[in-house]
Structures are given as C-alpha cells and as structure tokens.
1. Mind telling me which of the residues Glu282, Glu286 ends up being over 16 Å from Leu236 (Cα atoms) and either under 15 Å from the mean Cα position of the chain (by Cα) or assigned to a loop (DSSP other than H, G, I, E, B) (or both)?
2. Taking Glu186 and the conditions (1) within 14 Å of ligand 2 (Cβ to nearest atom); (2) more than 30 Å from Leu278 (Cα to Cα), which numbered condition does it fall short on, given that it satisfies the others?
3. Among the residues of the stretch 244-265, write down those that are in a helix (DSSP H, G or I) and buried (at least 17 other Cβ atoms within 10 Å of the Cβ).
4. Of everything in the stretch 107-118, what is more than 16 Å from ligand 2 (Cβ to nearest atom), touching a Ser or Thr at 6+ places or on another chain (Cβ under 9 Å) and either among the acidic types (Asp, Glu) or in a loop (DSSP other than H, G, I, E, B) (or both)? Give them in sequence order.
5. State whether the residues of the stretch 211-219 include one that is within 16 Å of ligand 1 (Cβ to nearest atom) and either aromatic (Phe, Trp, Tyr) or assigned to a helix (DSSP H, G or I) (or both).
6. Scan the stretch 220-243 residue by residue and report those that are polar (S, T, N, Q) and outside any loop (DSSP other than H, G, I, E, B).
7. Pick out the one residue from Ile134, Ile163 that is within 16 Å of ligand 2 (Cβ to nearest atom), closer than 21 Å to Asp42 by Cα and outside any strand (DSSP E or B).
Amino acid sequence: MLTQILKIDENSLKLAENIILGGGVVAFPTETVYGLGASALDGAAVNSVFEIKGRPNDNPLIAHVHKDYDITRLVDGVPQYARLLAEAFLPGPLTMVFHSKGVVCKEVSCGLDTLAIRVPSHEGAQRLLKYLDIPIAAPSANISKHVSPVTSQHVYSDLNGKIPLILDGGKCSGGIESTVLDCTGEIPVVLRSGLVTQDMIAQVAGGCDVYVMKEGERVRSPGMKYKHYSPSCRTLMFDSGETGQAVKAYLQIENAGETPYILCENKVAKSIKVKNVLNLGETESEMAANLYQKLREGEQLADVIIAVAPEKRDGIMTGVMNRLTKACGKIIK
Ligand code: AMP
Ligand code: MG
C-alpha cells in the first residue's frame, strides 16, 4: 500500500473522509501526538487499528469528537464537575471517561461499559472531525510499544505501507499523550497523567484523586499495565543528582566502542562535557514537547541512550517522568 503524506486542505480532507467512511484508517495530527483514526461506529475498522499497531485487544481507544459535538449522544451521566472541566480545558489535552450509551461499537472500549472521549484543540484535528462529524476512535499512530509520534515523519517511519494517508499538521506542540480522567465517580480520578495536571483539575472540579493500582485489582485503565514508548536502542536511566554517574557510564560505553547519547534537561546539558547530548530543553512544557522527538532522534543515533531524570517531578513533569521511565526503565540506584 502506498502511504501518502498530505497537508490538510479540502482535497486531503475529502480523501480522508472517503477512506474512513470506507472502513479504512487515517493518521492525523493532534496537539499531543499523532493519532491513527477509524470510524468509532465501524467495528471492523476499529479492529484494523489494533491489527495495524499490534496493539493488545484489551487496551481501549479514545473517541475523538469536534468541539461542537454533543457528547451526550455517546455517553450517560455526565457529572457537573465534568461540565466545568470541559468549559475550562476543552478543546485540549484532557480525555474524560464516562458511562457509554453503547452508540459507538464495542471494539472501541474493548468491551468495557465506559467510553473515553477527547476533544483535541489542534486546528487540523478539529477540521477533520468537523468534516466527518462522527466520533473517530484513535490511539497514537505508532507501532504498539514504540515511542509515540509527534511528526508526520515519525508516523511514516512506523506505518509506511500499512496505511493509505497521513494528514500532516506539523510538529505536535504538547508532546505527551492526553491526561485520562475517570469521570464516572463522585470526584474525578486521573488514570494517566498529562498536560492537564491533577492540581489544574482539582481547582476546577473541587477535588481530584490519582489512581494507584492495588495488588490483585483489575486495572482501571488497561493501557497502564503495558510497557510503552520504548526506543529501539538500549537505555539507562539515572536520577537527577547523578550526572557524574551518567557521564561515567557514557565514557565506559564509548571506551567499549559504542555510541552513547545523554538525554537530559538543558541545565545538565550545559554542565557536562560530552559530545553526544539530546537536550530536552529548559521549561516543563519544552521538555514535554521534546521528549518523544529526542527519544526518536536518539534511537537513530545511539547504541545506548543514557537518560538523566529532570529535577522537577510535579505538575506536567509527573507525566513527563511517567513516559521517561516507561521508555528508559527505572532509575539505577
Ligand atoms: P492511547 O490511545 O495509546 O493514548 O491510550 C489510550 C489510553 O486511554 C489508554 O491508557 C487506555 O487504557 C485509556 N482508556 C481508553 N478508554 C478507556 C476507558 N473506557 N476506561 C479507562 N481507560 C481508558
Ligand atoms: Mg499510545
């Protein structure tokens, strides 16, 4: 199959519509990462998303809708706090889980009686969703367990030949996947951290918990149990105070004739005297936006990526650290 990459315009939107209404899939940009979209009303099309990605079929997808879409067509029992959150943060990188009305096909939620809904703010995503005016089921447009894509080229390198069309909307500005929030209870519960943080949610909703899986419990957000975001090269991870250790490991790897790269925040990058550095940047949002780009650059260049954990861990950095440890393994003690 030939994979086209097209800028978003009337022609490419028409083509995307034909593909999706014909049961096919199309990659499209969002403000977080690129998505791989199929009609959420078409079980066979949704199944093919799982097949193309090699995604386990118990890891549910998010239904994407445009900003004027009435979500009560799809879900029941939207609590007042969710309405306030929608006003404050949507369109944007916040996915909310509600009781499903069963309008979208069961394949989207992998048989769960809930449905995750997201309203992306990316202009290209909005145009596509508006053009189709149906819910689009979409996970990230990468091969399962690989690093999520933040450019159309990343999508192409994973899915070339497997999908007919990639809509190109430039580099994703957010860089990590949306916050997933369970809105089926009295107060909202963060199932996956992201750019809309627990504090931001609590301020609007009056409270917000974070889900921690307990021993023996059935996981509430099935995606959390899977290894994710792994670059194709080897990785090591050191704590933020352990730059010396990271440089030591770098020199050992170099002496063994291999190519190491250190992945770190800007202030560490400036302080170390090694040649190969993947600089995540200075601010929290820069680090989120650059993380996957740098991991993908790293896997092309390095035999081993040596990550040094950023110092800050709260707010947006909760999500960044979550992705970084899933990519590079636990901090070496
Ligand atoms: P991805 O599409 O790779 O960004 O992953 C979507 C995330 O949303 C995964 O972590 C899923 O487990 C989570 N998710 C999707 N639908 C639901 C749902 N109905 N209930 C709980 N989590 C969900
Ligand atoms: Mg994903």
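Throughout, read-outs are computed from the coordinates displayed, never taken from laboratory work. Note that the coordinates shown come from a computational prediction; the quantities given were computed from them, not determined experimentally. Note: ideal-geometry Cβ built from the backbone for every residue, glycine included; neighbour counts use all protein chains shown.
1. On the way: Glu286 fails: either under 15 Å from the mean Cα position of the chain (by Cα) or assigned to a loop (DSSP other than H, G, I, E, B) (or both).
Unique residue meeting the criteria: Glu282.
2. Result: Glu186 passes all but (1).
3. Once the filter is applied, which keeps residues that are in a helix (DSSP H, G or I) and buried (at least 17 other Cβ atoms within 10 Å of the Cβ), the stretch 244-265 yields Ala246, Val247, Ala249, Tyr250, Ile253.
4. Just the residues of the stretch 107-118 that are more than 16 Å from ligand 2 (Cβ to nearest atom), to begin with: 107, 111-115, 117.
Now drop any that are not touching a Ser or Thr at 6+ places or on another chain (Cβ under 9 Å), which leaves 112-115, 117.
Within the stretch 107-118, Leu112, Asp113 meet the criteria.
5. yes
6. Ser230, Thr235, Thr243
7. Result: Ile163 is the single residue among Ile134, Ile163 that is within 16 Å of ligand 2 (Cβ to nearest atom), closer than 21 Å to Asp42 by Cα and outside any strand (DSSP E or B).
A quick yes/no check of all residues on (1) among the small types (Gly, Ala, Ser); (2) within 21 Å of Val150 (Cα to Cα):
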{"position": "Lys7", "(1), (2)": "no, yes"}
{"position": "Glu17", "(1), (2)": "no, no"}
{"position": "Gly24", "(1), (2)": "yes, no"}
{"position": "Pro29", "(1), (2)": "no, yes"}
{"position": "Ala40", "(1), (2)": "yes, no"}
{"position": "Ala45", "(1), (2)": "yes, no"}
